[in-house]
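Below: the structure, in structure tokens.
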Amino acid sequence: MSQMGLISLDNRHKVVPLQISERLIKDLERLDSLNERDCLSTSVYYVRSGVEDLESIINPASISEDFEKFLNSLGWPVSLDSHPGYKAKLNSSFCKTTSYFADRTVEVIFNIPYVIHLPNPEASSGSLTTLFRDVSADDLVCIVWIEDILSMHNVPSKVGQSVLVYIFVHPLQNATGLYWIRIIIPTASNASGVNEKKHGKGKVSWSADITKLAENHLAFGPLVDGMIVSRHTLGSLVRNTAISAHEACRNILDMQSKPYSVRRQFIEEMHHRYKSNMSVSE
């Protein structure tokens, strides 16, 4: 308060006493629980050549070493038992560790089916698919490591959910260390249920918005469809593109509310709700 000049007599009128009550304490605790940064989750899949169904994608016989390195480059591993940051729908009962990234403006948790296990080991593999679909139900952006690029257009119909942007990473067979990036925005007819379920907009309006996103190749980045990138920059470029694409999707779906705006509004509501008529001197 001293550094902000609020202790001086000239600015004393800017300090407003609040009436202490249990409701005020609860609202202060709620204020502390509000996110300070944009929080988002992104699905990550590994699609082997010849895979035809979602169950085989979520529960493959094995994953490649290159893909494991790619996962590590997206962020850093966190233990969900002790992780204090954003977790989305993940918890330690079925996921011990996953990849996570944060900076001063954003937190990203990666929903990866290959680090998830069933709470009940006796459950069938189909239950793992159901569990992961529930965990990733709100993901707007999906990252897919795909071995057979020709099967790329079949993936959205298998994954479904609320995904609006797919970022495909294809390792080039004849150029070790290079990766072909493909970006797909599914047609509105394949994903219109997401809009109706979450936001109640009309299909025509939403379709027009998503078409504009698909036509504007610079709506998000830094990666664009068709780029070839090296292994050394792959993780950071894909991650930053996923963050940018998520923000673009939220803008289209009218979900864009910055955490600092939410916190400021809540503080103003607390000011009007609990302000006292007493002066500071009293």
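Report Rg (one decimal) and Dmax (nearest whole number) for the range 37-84, counting Cα atoms only, units Å.
Over the range 37-84's Cα set, Rg and Dmax evaluate to 13.7, 40 Å.
Dipole of the range 38-274 (Lys/Arg Cβ +1, Asp/Glu Cβ -1, origin at the Cα centre): which of 79, 154, 129 lies farthest to the positive side?
Final value for the positive-end residue is 79.
Please order 152, 4 by the number of other Cβ within 10 Å, starting at the fewest.
4, 152
Sorting 178, 150, 71 on the 10 Å Cβ count, fewest up front, what's the list?
150, 178, 71
Please arrange 27, 139, 225 by how many other C-beta atoms lie within 10 Å of their C-beta, fewest to most.
225, 27, 139
How much net charge surrounds residue 31 when only other residues with a Cβ under 14 Å from its Cβ are counted (Lys, Arg +1; Asp, Glu -1)?
0
With both bridge residues required to lie in the chain, what share of the DSSP beta bridges run antiparallel, to the nearest 5%?
In the chain, approximately 55 percent of DSSP beta bridges are antiparallel ones.
Please state the charge dipole magnitude for the range 68-130, taken about the Cα centre, from unit charges on C-beta atoms (+1 on K and R, -1 on D and E), reported in debye and rounded to the nearest 20.
Value, rounded to 20: 100 debye.
What residue among 217, 90, 175 has its Cα farthest toward the positive end of the dipole of the chain, where the charges are +1 on Lys, Arg and -1 on Asp, Glu, each on the Cβ?
My answer, from the dipole projection, is 217.
May I ask which of 96/258; 26/275; 14/87; 89/275; 69/212 have a Cα-Cα span longer than 26 Å here?
Cα-Cα > 26 Å for 96/258; 14/87; 89/275; 69/212; rest within.
Can you give the direction-averaged projected area of the convex hull of the alpha-carbon atoms in the range 38-274, in nm²?
Across all orientations, the range 38-274 yields a mean hull projection of 15.0 nm².
Determine the gain in length on full extension of the stretch residue 228-residue 151; use 0.36 nm per residue of separation and subtract their C-alpha separation, reporting nm with one decimal.
Length gained, residue 228 through residue 151: 25.9 nm.
If you bin every alpha carbon distance in the range 45-177 into 10 Å steps from zero, what whole percent lands in each bin?
Computed distribution, short to long bins: 11, 42, 37, 10, 0.
Output the 0 to 90 degree angle, nearest 10, between the alpha-carbon long axis of helix 65-74 and the longest principal axis computed from the alpha carbons of the chain.
Here the helix axis deviates by roughly 20 degrees.
I'd like the FRET efficiency for residue 268 and residue 236, computed as 1/(1 + (r/R0)^6) with the beta carbon distance as r and R0 of 30 Å, rounded to 0.05.
0.20
Taking the Cα centre of the chain as origin, sum charge times position over the Cβ atoms of Lys and Arg (+1) and Asp and Glu (-1), and report the length of that vector in debye to the nearest 20.
Using Cβ point charges on Lys, Arg, Asp and Glu, the chain gives about 680 debye.
Given charges of +1 on the Cβ of Lys and Arg and -1 on the Cβ of Asp and Glu, with all other atoms neutral, how large is the dipole of the range 59-180 about its Cα centre, in debye to the nearest 20?
180
Over 10 Å intervals from 0, what percent of Cα-Cα pairs in the range 108-178 sits in each interval?
It works out to 16, 42, 31, 10, 1, in whole percents.
Here, each number is a calculation from the coordinates, and none is a lab measurement. Bear in mind the structure is a predicted one, so any value in this text is a computation, not a measurement. Using ideal geometry, Cβ is built from the backbone for each residue, glycine included, and neighbour counts are taken over all protein chains shown.
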